[in-house]
Amino acid sequence: MILDSLALAWRRTVRTIERIAAIDAVVIHLVGGGSANELLGELCASACERRVLIGPTEATVVGNALVQAIADGVVADLASGRELVERALPPRVVDPTRLVDWDQLEQRLIDSGQLP
């Protein structure tokens with residue numbers, strides 16, 4: 001139930017961001033501790049109907065090290081750093097499959113007053 005709720009919240013958030021920013025989100029990046037949960041990534045892809053790139057799990061540490069490496073001149077720039085991270089810690093790719101009827105679930109929660 002918790003994972004389904006997270007996925008549904010992400011679905012609603014992606015749609016809101018797309019509407020407000022007038023963009024189409026092509027891919028979602030799932031990083032940090034939650035990225036270790038395989039089912040969560042699959043539910044995110046399913047609910048948001050987008051490809052999800054998963055990892056790194058320790059994104060905060062990797063990002064911090066990358067910023068320091070750029071500041072010290074060990075890595076040339078952010079683009080080079082991103083390439084380095086992707087080669088060292090390639091993301092797991094999850095393509096969307098229809099696991100749940102998300103429209104029906106969302107409407108049921110709206111009708112029950114659990115969602116605005």
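If each Cα of segment 2-96 is one equal point scatterer, what is log10 of I(q)/I(0) from the Debye formula at q = 0.11, 0.16, 0.20 Å⁻¹?
Relative scattering, expressed as log10 I(q)/I(0), comes to -0.38, -0.73, -0.97.
Amide H of ILE28 versus every other amide H placed in the peptide plane: which residues, excluding those fewer than 5 positions away on the same chain, fall under 5 Å?
Placed amide hydrogens put ARG51, VAL52, LEU53 under 5 Å from ILE28.
What does the charge dipole of segment 15-116 about its Cα centre add up to, to the nearest 20 debye, if the Cβ of each Lys and Arg holds +1 and the Cβ of each Asp and Glu holds -1?
Numbers: 9 positive and 15 negative charges, 5 e Å.
So the dipole magnitude of segment 15-116 works out to roughly 20 debye.
Residue-wise, which Karplus ³J(HN,Hα) couplings in Hz belong to segment 67-83, taking 6.51 cos²θ - 1.76 cosθ + 1.60, θ = phi - 60°, and x for glycine or proline?
Residue by residue, segment 67-83 yields 4, 5, 5, 5, 4, 7, x, 6, 10, 4, 7, 4, 4, 5, x, 5, 4 Hz.
Just so you know, all these numbers are worked out from the coordinates, no wet-lab data involved. Computed from a predicted structure; not experimentally measured. As a convention, Cβ positions derive from the backbone with ideal geometry for all residues, glycine included, and neighbour counts pool all protein chains shown.
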